[in-house]
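One structure below.
Bear in mind that the values in this text are calculations on the coordinates, not laboratory data. As the structure is a prediction and not an experimental result, all values here were calculated from the model. Glycine also receives a Cβ, built like all others from the backbone with ideal geometry; neighbour counts cover every protein chain displayed.
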Amino acid sequence: MLGSVHCLPIAGTRELRGLSTVGEAGAWGLLPEELAGLGVKSAHAAFAELQRPWRWSERGPVLSQTARALLESRGLLLPQICERHVSSDGSTKLLLALGTDRIETVHMPRAVGSGRVSLCLSSQVGCAMGCKFCATAQMGFRRHLGAGEIVAQVLSVVAALGPRHPGDLTLVFMGMGEPLHNLTAVARSIQVLCRSEGLGLSPKRITVSTSGLVPEMAALATLEARPLLALSLNATTDEVRQELMPIGRRYPLSALRALLEGYPLRPRERITIEYVLLAGVNDSVADAQRLAEFCAAFPHNINLIPFNAHPASPFRSPTEAQVDRFARALLDKRPSLVTVRRSRGRDVQGACGQLVQS
Ligand code: SAH
Ligand code: SF4
C-alpha cells in the first residue's frame, strides 16, 4: 500500500508547464466535430494536436490563443505525475494526481528493446464492487473518472514515458475501478482514442476487463469502437464466486455463460477469462475441470493470475506446483490457450489488485 502522497517533479520525465491540474479535463474527451461546435477553428488539426503527445511542446499541445481559451473553459487539464516506482521487471507504476484524488497507471514495456508498451489504466478512483481479494476494493468507491480524464491519463503517460508511436501502444482497463460501472465515460474515451485524426488506436488493441456486469457487457458489444473483452471469473461455482465477488449474487455463472455464448466476435477474436488463483479456495483440480467446461462454449484464452498478496488480505498465493497442477488439469480437459500471468510490477505494488490510494 502506498504511503502519503507528495507531488514532486520527476527526474527524467518531461515536465509539462502551463496546464492547470485540477478539474475534469473535459476538453481531452471531445471529438473533432465537438471542438468545431465549440467554435474551435481548424478543429481536426486542433484535435490532432491535443491527441498526439509527441508533437507537444514543453507547454503541452500547441494551440492558438483562442482555441486554448475555449478549451480551457472546458477543462484542459493533464494529470500530474506525482510519483513513479520502477519495478525490477521494467514496468513503472505511476501515481497521477487528479485534483485531490490519486489514480495509478502501470506502464509496461512488452519486451526489452521492442518499443511496444501496454498501459494498465484506471477507470475510477477506488471501486464499488467489493471483491474480497482486491486491494482497490478496500478503498471503497470514491468517484468515476470522466472520459477526458481517462484520455488525459493515456496522453500524459505517453508524453512522459512513450511509446513514440501509437502502433506500439496497447491499452488494458485493468487498473483501479470497474470499467463497466463507468461505461459511458470508458466508451467515449475509447471512441476518442481510436479516432484516426488523433492517436488512431485500433479497438482490437484495447481490452476492457470486467468483474461481470452482464447488461453492460451486452452494451459494450454494441459499440462501434468495440474493444476486446476480458471477464474476471475467479471461481467455478456460484457459491464461491458470490463469496469472493458480491457482483456474483446479481449475475450468476449461468447468466455470464449465456452472454458469452452469444457474444459477437471478430474473426480469430477470443474472450479472455481471468482467473485469480487463491490457495485452497479456487485452485483445486475439480475447479480446473469446471473452468474448462465453463469456457467450452465460446472462443477463449485463459489467464491464470496467482494471487498478489497485499496487506490485510486473508488469502494466500498458490505455490508454483499448485499453479502448475491447475494449469495441467485445465489443459488435459481442454487444450485452449492458457497463460499464467506473472503480474508485472509486483515489487512496487503495481500488480493486479495491488493498486490502492491510501
Ligand atoms: N475491475 C476489473 C478490472 C480491474 S481488476 C475486473 O475486476 O476485471 C484487474 C484484474 O486483477 C482482475 O482480473 C482481478 O480479478 C485481478 N485481481 C484483483 N485483485 C488481485 C490480486 N490481489 N491478485 C491478483 N489478481 C487480482
Ligand atoms: Fe473492483 Fe476489479 Fe478489484 Fe473487483 S477486482 S474490487 S471489480 S477493481
**Request:** Classify segment 103-169 as rounded, prolate or oblate, taking a ≥ b ≥ c as the square roots of the eigenvalues of its Cα gyration tensor: rounded when a/c is under 1.5, otherwise prolate if a/b is larger than b/c and oblate if not.
**Result:** oblate
**Message:** Suppose each label sits 7 Å from its Cα in the direction of the beta carbon; what would the SER196-SER42 distance come out to in nanometres?
**Reply:** 2.1
**Prompt:** Label GLU72 and SER114 with points 7 Å out from Cα along Cα→Cβ: what is the distance between them in nm?
**Reply:** 4.2
**Highest to lowest packing among 122-128, 317-323, scored as the average C-beta count within 10 Å** = 122-128, 317-323
**Prompt:** Using a simple spin-label model with points 7 Å from Cα along the Cα→Cβ vector, what separation in nm is obtained for ARG334 and ASN301?
**Reply:** 1.6
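Once you have the Cα-Cα distance between ALA309 and ALA286, take 0.36 nm times their residue separation minus that, and quote the gain in nm to one decimal.
Working: separation 23, 0.36 × 23 = 8.28 nm, distance 2.41 nm.
Contour length minus the Cα-Cα distance gives 5.9 nm.
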**Candidate lysines - alpha carbon under 30 Å from LYS204, same-chain residues fewer than 8 apart omitted** = LYS93, LYS333
**Request:** Name the aspartates and glutamates eligible as straight-distance cross-link partners of LYS132: C-alpha to C-alpha under 12 Å, and not fewer than 8 places from it in the same chain.
**Result:** GLU243
**Complete:** Toy charge model, Lys and Arg Cβ at +1, Asp and Glu Cβ at -1: the chain dipole around Cα centroid in debye, rounded to 20, equals 500
**Between segment 299-322 and segment 138-188, the Cα center-to-center distance that results, in Å** = 24
**Request:** Return the sequence-ordered ³J(HN,Hα) values of segment 115-130 in whole Hz as given by the Karplus equation 6.51 cos²θ - 1.76 cosθ + 1.60 applied to θ = phi - 60°, using x for Gly and Pro.
**Result:** x, 7, 9, 9, 10, 9, 9, 8, 10, 8, 8, x, 7, 8, 7, x
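Per 0.36 nm of contour for each residue apart, how much would the distance between ARG257 and GLN65 grow if the chain were fully extended, relative to their Cα-Cα spacing? Write down the numbers at each step before the final one.
Values: separation 192, 0.36 × 192 = 69.12 nm, distance 5.32 nm.
Length difference between fully extended and current span is 63.8 nm.
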**Request:** Treating only the Cβ atoms of Lys and Arg (+1) and Asp and Glu (-1) as charged, compute the dipole magnitude of segment 50-182 about its Cα centre; round to the nearest 20 debye.
**Result:** 180
**Request:** Quickly rank 59-70, 181-192, 100-111 as a protection proxy: mean count of other C-beta atoms within 10 Å, highest first.
**Result:** 181-192, 100-111, 59-70
**Prompt:** By its C-alpha gyration tensor, with a ≥ b ≥ c as the square roots of the eigenvalues, how is segment 152-250 shaped: rounded for a/c under 1.5, else prolate for a/b larger than b/c, else oblate?
**Reply:** prolate
**Net length gained if the chain between ARG325 and ARG143 were fully extended (0.36 nm per residue, minus Cα distance)** = 61.5 nm
